[in-house]
Protein chains: 6
Amino acid sequence: MREDRRADELRPITIEVDYLEQPHAAVLYSQGKTKVLCTATIEDEVPRWLKSSGRGWMTAEYSLLPASTGERTQREASRGKQGGRTVEIQRLIGRALRSVVDFETLGERTVWLDCDVLQADGGTRCAAICGAYVAAARALDRFGLSKVLTDSVAAVSVGIVDGQPMLDLEYTEDSTAEVDMNVVMTGDGRLVEVQATAEGAPFTRELLDELLELAGGGIERIAREQEEALAVA
Amino acid sequence: MREDRRADELRPITIEVDYLEQPHAAVLYSQGKTKVLCTATIEDEVPRWLKSSGRGWMTAEYSLLPASTGERTQREASRGKQGGRTVEIQRLIGRALRSVVDFETLGERTVWLDCDVLQADGGTRCAAICGAYVAAARALDRFGLSKVLTDSVAAVSVGIVDGQPMLDLEYTEDSTAEVDMNVVMTGDGRLVEVQATAEGAPFTRELLDELLELAGGGIERIAREQEEALAVA
Amino acid sequence: MREDRRADELRPITIEVDYLEQPHAAVLYSQGKTKVLCTATIEDEVPRWLKSSGRGWMTAEYSLLPASTGERTQREASRGKQGGRTVEIQRLIGRALRSVVDFETLGERTVWLDCDVLQADGGTRCAAICGAYVAAARALDRFGLSKVLTDSVAAVSVGIVDGQPMLDLEYTEDSTAEVDMNVVMTGDGRLVEVQATAEGAPFTRELLDELLELAGGGIERIAREQEEALAVA
Amino acid sequence: MREDRRADELRPITIEVDYLEQPHAAVLYSQGKTKVLCTATIEDEVPRWLKSSGRGWMTAEYSLLPASTGERTQREASRGKQGGRTVEIQRLIGRALRSVVDFETLGERTVWLDCDVLQADGGTRCAAICGAYVAAARALDRFGLSKVLTDSVAAVSVGIVDGQPMLDLEYTEDSTAEVDMNVVMTGDGRLVEVQATAEGAPFTRELLDELLELAGGGIERIAREQEEALAVA
Amino acid sequence: MREDRRADELRPITIEVDYLEQPHAAVLYSQGKTKVLCTATIEDEVPRWLKSSGRGWMTAEYSLLPASTGERTQREASRGKQGGRTVEIQRLIGRALRSVVDFETLGERTVWLDCDVLQADGGTRCAAICGAYVAAARALDRFGLSKVLTDSVAAVSVGIVDGQPMLDLEYTEDSTAEVDMNVVMTGDGRLVEVQATAEGAPFTRELLDELLELAGGGIERIAREQEEALAVA
Amino acid sequence: MREDRRADELRPITIEVDYLEQPHAAVLYSQGKTKVLCTATIEDEVPRWLKSSGRGWMTAEYSLLPASTGERTQREASRGKQGGRTVEIQRLIGRALRSVVDFETLGERTVWLDCDVLQADGGTRCAAICGAYVAAARALDRFGLSKVLTDSVAAVSVGIVDGQPMLDLEYTEDSTAEVDMNVVMTGDGRLVEVQATAEGAPFTRELLDELLELAGGGIERIAREQEEALAVA
């Protein structure tokens, strides 16, 4: 049973917007013990299939640093390939961010979002989306491209742990959850992506509805944190 | 606009249960022009992390044959790695099938589900799940292990095309859909996996509910087709 | 000892010419239990070394589906490379087919021949050549390029099993053969490729001659089946 | 010309010893704008060639985060292999650290040192060695293994820029240096590794001597910083 | 037209049996300008599938040194994989040599045959087989295992160049040959492997017979050279 | 203790300048039992980053033949990647040779230096540098580009074995050395690269000086051998 916060409460969030000097933008996003370094780099090039289209691209890469998890995770560069989980997560981050981009306004540029997990305690893919949005907003603003983003975007995990719906699972909760769900929403409360998975037994529509409700409340609060962090920077 | 069937109608389904003689089970699952060959192989071994646990494993692999799509897709074996889409899909198939498996009853065995798309016209991941369930059921039955499966499982795609909710998208519909959603459910109507993605603009909760409704009806009909195909075999 | 057919008899052959609707041509070639899906795709591009040469190219890829063999064979895409046997076979198929192509008439196009073995019971490389010829002929005909092929081409395996020359080995025969030989010939009876291998003891010239004779008879019959299948289509 | 510090002066150093909570030790080592996150993980396993030897092992991995450099560097995990420069650097870090390890006292354990460069402004391999030493010392101390380290170890870069010997090159200096040299020394002033490279014209023995002198002074000061950081932690 | 030797004449052969001191055997085999370094290494291990079988294994690897060909060939180690031609050739060499091995007499040992082409002027796979036999014989003899080889083995290329059958093609002949054939035979004149390929037009049985005749004569002479080289060593 | 030569004596050197006929230059460089085949190939192309710069490039690749070492070393092409040691060595060879190249005089050409170790008995990277210089000089001379090289370059290993400084270590010495050092110098006695590594305990400045002295004497003698070999060729 969760003791240090309510079932519908988020972990404490801190967003360090200009954490490094050299990248176009570098955000250290922390939610509880989960810490993700999200950088944005804007390049004056597009993938081949967009050449001469007048439109740009935004893409994400995700990585767990080897010691970010309790036991050491083997470095993917030394194994020679990205694992299935990594691929799945970075595709999700990319889709989530692209949902709030106006590619015509971006023009023929590529925005690279690199999300490197320094410390993992559950919810890293959601934290990566939240931090990557701030990094993208910051970098685009610096390049005079702030109109590229049509809204903000954030994500949160919810799940059923010991039969109870809970918001923002940490690792020990996540690993025993019966249902695990990640929800991505825009700042104005619309859905971008819903991924719900029965880890143990299948679940009902009522439960899905309850979890979506819980997620909506969490994302609203995260969206405010993102806005404040960008306002100060 | 869809002309040959209603918005809430599935494409014609055929399930050839014993399509080949040598595999433990080989099912040719067709839904409209989409055709997936699903085989199941039962091995008396488990991955290392399950040794001496008394429990088994079930895993899936997915592949598009090069000419299955309109233009030829490069063979992943000759590119030297599986693409991100393939990895994402085969992880989904594996999770979907594992949700109806009792691993203690399976014992220390691995069930391999191979889903090779012979022809792709939208909905291949859902067709793969539907066919893989039939293959798994058939192979387990042959090995006297029919109690391993606790329920049936099936999947269907739904989406918003030209502003209208539609069931079982074919390729031309899928490629212009504003929202694309895959739903996996058990035979008794509970949810196993929900993956909804805004391809264009973000979407509302009402729309999500409408799509879930549509998917539920489709899966019910597919579950009956699966049952009949297995009953005859 | 072979009981269901004579030593110089082929297994039953069926050739489904338009097995799928989407590829330029898709042929399901069965010889006994061996079943190979052969597709042909014609692209308006040539490899770099043929650019501006006025000449085209034809190339083949071959793969065993994981469950096509008795025990499951690991998928080459997930191992990250094609095995030596695969490479050797697909090079043979490509050479065999190119021997009946007039590349000037083809023009700057590439014909891809994909041979995916759905079920393997010996003789898969020969079946792939026989099916790939039909697929190539069918696809070229559809593109008004039927003059590209200067002759038909077919292949058959022969071998010495228990001291006796035999035509068209199935798996159990092949795995105990003392000599294993694959012969590729054109429709007019000339040789394209001869590959004879002593699996056990070396063999004599007389034996080689006897095997070539046997192969010649088999290929003549296959060539007639190919012709009929194309005539009907 | 260097304006903000003397030719024999180091950039400001900060060492955050317990930067993260989950790894056995996590040190954020900064020297000017160069920032390297160094973690140490102690595993109760050794590589195969040390099994039953009673001796342990220490090894290092190094990586540049994509946005750590001015322009984005492609992620090695997505390229599928570690580049030559990475391999060379992580071998150097490993050798440097092993020079102060008593492997019998360590026993059959492996110490993994992961050095991830968050921001690169010259001297990253030296910073990685300096930070990795602190991380190793901290983790070993926590496991009651502080006697494993026989001395401290640190490294610094020196070079000839515009004809003048300089200590601790930043990126703009490094990229125009005529001679580039990395020196690794123990806390008691002995040499562990010397790597001097003529980037432009070859150089004389006198110059080598002068650079070694300069490096010695720098390393002495770094060693004091390391000691203080560990004393406080 | 060939001017410096008759159509049925071999190029000059030299076999340096103990070319290097460290390998178990190292043979520099030269035929005209083609030079292949063939080494044999005997290891006291067998592949997994032969463990506890009482039988050994013999396998070959083949490589072209980058500058061995006229234009530089990219190194396969730096491309990250062996090409199809390499794989095909090393499988041929292995099969050829295994045809004269008594694996029970060898016992649970592996003989590695490494064939590195220092200079390539046609016929490298045949030269590799000829040299590898000498290296294997020499190494086995040194280990008191000379009874492992039941016969000698050699290979030669033949072909049709400008309509004329020719023995032992050099590169300029090989690249214009209409038919290209490699024949492997034992010292007592039996066939081990026949690989005939129509490079241009298909060919007749009569021609195949003529080429086999020519090859037989060549191999007889090579077998004598092998025997003499081993006698002297 | 070294018995067949003095501590400051080189092993016998032989340099066969035109060892092969086909490469632009092929040098067999032997120092004691260490034998390295060094070839140079000049291509009329440059890497992308030098296009239209008027400048050329020189690069090296290094490989151990599998049987060159006592026990067989696995072929890197069959493992699918070059090991860390190989990468480190070929980068060193490239840097060493580039230090005596005038890239403007070379023009937009690439010189490939391939160093394949036929037999390894210590000092292979130094032998590769010495032989590669001769190969480069020979090939450039043949192309009328002898002014591209501004000086000669050579390398030698030195080390502390049983407490005593020694020149040109062979394998048994190298594997027990307390300090291992490779020095690269030009013909006029200037330093190009110094790499000193404490294998056991760290070492003093005095010792470093002594080793540099020893290396200088050795390189002077090698430079004379190189000059003579080129003069004769």
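Summary table
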item: Dipole in debye (nearest 20) - the stretch C:74-174, about Cα centre, beta carbon charges: Lys, Arg +1; Asp, Glu -1; result: 500
item: Anisotropy class of the stretch B:63-169 from Cα gyration tensor, a/c 1.5 cut; result: oblate
item: Over chain E: helical MRE at 222 nm, DSSP H runs n ≥ 4 each giving -39500 (n - 2.57), nearest 500; result: -10000 deg cm²/dmol
item: Dipole magnitude (debye, nearest 20) for the stretch B:1-146, charges at Cβ of Lys, Arg, Asp, Glu; result: 520
item: For the stretch D:75-92, Karplus couplings with θ = phi - 60° (6.51, -1.76, 1.60), whole Hz, Gly/Pro x; result: 5, 5, 4, 8, 6, x, 6, 7, x, x, 4, 4, 4, 4, 5, 6, 5, 4
item: For the stretch D:1-116: relative contact order, % (alpha-carbon pairs under 8 angstrom, 6 or more apart); result: 33
item: The stretch B:65-200: relative contact order in percent, alpha carbon pairs under 8 Å with at least 6 residues between; result: 21
item: Gyration tensor verdict on the stretch E:63-112 (Cα atoms; rounded if a/c is under 1.5, prolate if a/b is larger than b/c, oblate otherwise); result: prolate
item: Length-normalised contact order for chain D - Cα pairs under 8 Å, 6+ apart - percent; result: 22
item: Positive-end extreme of charge dipole, the stretch C:1-80 - chosen from C:T73, C:Y62, C:V27 (charges on Cβ); result: C:T73
item: J(HN,Hα) series, the stretch C:168-175, from Karplus relation 6.51 cos²θ - 1.76 cosθ + 1.60, nearest Hz, glycine and proline x; result: 6, 6, 8, 4, 5, 6, 4, 6
item: Sparse-neighbourhood loop sites, GluC sites (Glu not before Pro) in the stretch F:69-134 - DSSP loop, at most 11 other Cβ within 10 angstrom; result: F:E71
item: Share, in percent, of DSSP beta bridges within the stretch B:1-131 that are antiparallel, nearest 5; result: 70
item: Simple Cβ-charge dipole of the stretch E:114-233, Lys/Arg +1 and Asp/Glu -1, about Cα centre, in debye nearest 20; result: 660
item: DSSP beta bridge pairing in chain B, given as percent antiparallel to the nearest 5; result: 80
item: Listed residue (B:G189, B:L212, B:P202) projecting farthest to the positive dipole end of the stretch B:165-216, Cβ model; result: B:G189
item: Degrees between helix F:205-232 axis and first principal axis of chain F (Cα, 0 to 90, nearest 10); result: 40
item: Sum of side-chain charges, A:G32 neighbourhood, beta-carbon under 10 Å (Lys, Arg +1; Asp, Glu -1); result: 0
item: Nonlocal amide H pairs with B:A25, under 5 Å, H built at 1.01 Å; result: B:A40
item: Qualifying chymotrypsin sites (Phe, Trp or Tyr not before Pro) in the stretch B:100-151, DSSP loop, other Cβ atoms within 10 Å at most 16; result: B:F143
item: Where rotation carries C onto A, the chain C residue whose Cβ is nearest that axis, in whole Å; result: C:G80, 5
item: Rounded, prolate or oblate (a/c below 1.5 giving rounded, otherwise prolate when a/b exceeds b/c) for the protein assembly as shown by Cα gyration tensor; result: oblate
item: Cα lying deepest toward the dipole's positive end in the stretch F:78-206, options F:T150, F:T124, F:T105, charges on Cβ; result: F:T105
item: Other protein chain Cβ atoms within 10 Å, averaged over every residue that makes up F:98-106; result: 1
item: The stretch A:10-63: GluC sites (Glu not before Pro) falling in loop per DSSP and having at most 16 other Cβ within 10 Å; result: A:E21, A:E45
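Throughout, read-outs are computed from the coordinates displayed, never taken from laboratory work. Remember, it's a predicted structure, so these values are computed and weren't measured experimentally. With ideal geometry, Cβ positions are generated from the backbone for all residues, glycine too; neighbour counts draw on all protein chains shown.
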